[in-house]
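Contents: one structure, followed by commentary.
The values are calculated or read from the model by the stated rules, or taken from the named source; none is laboratory data. Computed from a predicted structure; not experimentally measured. No Cβ is skipped: glycine too gets one built from the backbone with ideal geometry, and neighbour counts run over all protein chains shown.
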Amino acid sequence: MARYIFIAGGVMSGIGKGVSTAAIAAILKNCGFRASCIKIDPYLNVDAGTMNPVEHGEVFVTDDGLECDQDIGNYERFLDENMYRHNYMTSGQVYQEVIGRERSLGYGGRCVETVPHIPEEVIRRIELAAKKDKADFVLVEIGGTIGEYQNLIFFEAGRMMKLKSPDKVLFVVVSYLPVPHMIGEMKTKPTQHAVRTLNASGIQPDIIIARSALPLDNPRKRKIASFCNIKEDDIISAPDVKSIYEIPVNFERGKISERILTKFNLPVKKSRLVNWQKLGRKIKSVRKEIRIGIVGKYFSTGRFTLSDSYISVIEAVKHSAWHNGLKPNILWLNAEEYEKDSKKLSELDKLDGVIVPGGFGDRGVEGKMGAIGYARRKKIPYLGLCYGMQLAVIEFARSVAKLRQASSTEISARTAYPVVSTLQEQEKNLSEGKFGASMRLGAYPCEIKSGTASFRAYGEKNIVERHRHRYEFNNDFRDKFEKLGLVVAGINPQRNLVEIIELKDHPFFVGVQFHPELKSKPFKPHPLFNEFIKSARANSARQK
Ligand code: GLN
């Protein structure tokens, strides 16, 4: 029978609850267990597909086509395993299911109530995931922070599970301990309050992970132990680290696996984390910098700048840079600045490689195309991801094929040259207002043409990559563009859709309709990113 570890966040969001969950799963896997993860998001959206990335961060996509929270990406990267629909749950899904069941008399005429029927459905889903993943341990990350109204039903589900099987359920609180600079001391009070609020839901944490800028010292540890009713050994110090991949080793320093296994009455197994130690050393040892620019638009919210929207792209660049013995230096380039002043494009000269990642809508597209054209002409290695591929096609159409009005129907519905456009089935979705989970989503096969940069990268003909888009390369323009030097390097064999484009006479200019970044792992960097970084390194050497 599976054991369940609920992970909740105290004090504030954004302190690494997702990576903590992923790290604990990785540690348990290292001890020889099968660990699985579930992310619960308390919002009413059925999935993350319809949300704006500034509000939500990156939308991650699984092989089975689920649009979900970026934490699922952390689980995949740390566990080196695929996640699926059953690893993700939102309030929207839970309520939809319960209401649907009620409508078909599934509750046999009873009054259907928030409690217990909603938490019962949550428990059903958690146990189903345990079964599907044949898990020894299921880590259930509850989104949001303790004290929020909307995640109460998930705590209630955890409480009910613990009541039923006390030796099969643990609660971990990942809390934040601020060190306000005007006080100069680490404060435990917010954590005390978070735990007390959790207690009010009938839950006592078994382990507290103390996130802070600094390591936890003994006086603070004693305070948390005493006020939160927990043993000092069960408090794990988790100071800020340079790289998230140091976290498993750090947690083990605090003996987290020993604490978890002991609490479950299981024999303690040593997790050596040799691969994680090695990775940590590698990350610290790389010296030579590689400068990669990401041209995007989802950066600012008020006075703050966020990079969460491109988290998988950032991680993929890092994995491949380390793999190539390089220190990644990622620079944020705001596409809209290039629209205001195209002279600013010359800053790309200082870069070793340029990426235009996925995106939607027309804001910033002219600036992105400006950057793509600059990389094309100046032979700067370029990797276009999804929208970055479509915009490369449009830029090529306008500049090389001289179709000045060329566009995507996403940007200009009545363009004279719709070089990127929708398939018929998408026309229908759009006209009927069906926007949720209706894009081309999840894993699709792609056949690569030999002799191309992509073939060199993958080293094989048949690949499978993840998609999330509504628009496609318009095959009506294929012959014309190919004659002018555009290489169709990959197609979807079933539907003859263009999945990869490249340019002749360029050291590396590759645009992919899919999202390779979603499959890159620290121990398995993505071949396309590896090849891109390699040519960026060659470009950097050339500049010197
Ligand atoms: N907006 C484009 C489309 O829907 C690209 C999407 C993306 O970059 N993920 O096809």
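Points to keep in mind about this one:
- Test result for D206, of a type in the set (D, E, K, R) and either touching a His at 6+ places or on another chain (Cβ under 9 Å) or surrounded by fewer than 17 Cβ atoms within 10 Å (Cβ to Cβ) (or both): no
- Checked against the criteria, G384 counts as closer than 24 Å to A321 by Cα, assigned to a strand (DSSP E or B), at pLDDT 95 or above and within 15 Å of the ligand (Cβ to nearest atom).
- Inter-residue pairs, beta-carbon under 6 Å, first farther than 16 Å from V46 by Cα and in the range 92-106, second surrounded by fewer than 16 Cβ atoms within 10 Å (Cβ to Cβ), 6+ apart: E102/V112
- Residue match in the range 525-543 (condition: without any contact (Cβ under 8 Å) to a residue 60 or more places away in the chain and more than 19 Å from Y382 (Cβ to Cβ)): no
- Of all residues in the range 215-228 being surrounded by 13 or more Cβ atoms within 10 Å (Cβ to Cβ) and of a type outside the set (A, V, I, L, M, F, W, C), the one that is farthest from L198 (Cα to Cα): P215
- Top-ranked residue in the range 455-476 [being assigned to a helix (DSSP H, G or I) and out of contact with any helix residue (DSSP H, G or I) (no Cβ under 7 Å at 6 or more places or on another chain); ranked as nearest to the ligand (Cβ to nearest atom)]: N475
- Residue pairs meeting the criteria (Cβ under 9 Å; at least 6 apart or on separate chains; first free of Cβ contacts under 8 Å to residues at least 12 places away in the same chain, in the range 216-242; second aliphatic (A, V, I, L, M)): A225/I208; A225/I235; K231/A225; E232/I224; E232/A225; V241/I247
- Pick from the range 460-517, criterion under 25 Å from Y310 (Cα atoms) and among the acidic types (D, E), ranking: farthest from the chain's Cα centre (by Cα): E502
- Check on E410, within 13 Å of the ligand (Cβ to nearest atom) and charged (D, E, K, R): yes
- Residue count, the range 437-452 (criterion: more than 14 Å from the ligand (Cβ to nearest atom) and either closer than 29 Å to I411 by Cα or touching a helix residue (DSSP H, G or I) at 6+ places or on another chain (Cβ under 6 Å) (or both)): 5
- Residues (within 16 Å of the ligand (Cβ to nearest atom) and touching a His at 6+ places or on another chain (Cβ under 8 Å)) located in the range 341-381: G358
- Scanning the range 131-161 for residues that are in contact (Cβ under 8 Å) with a residue 40 or more places away in the chain, buried (at least 21 other Cβ atoms within 10 Å of the Cβ) and small (G, A, S) yields A135, G143, G158.
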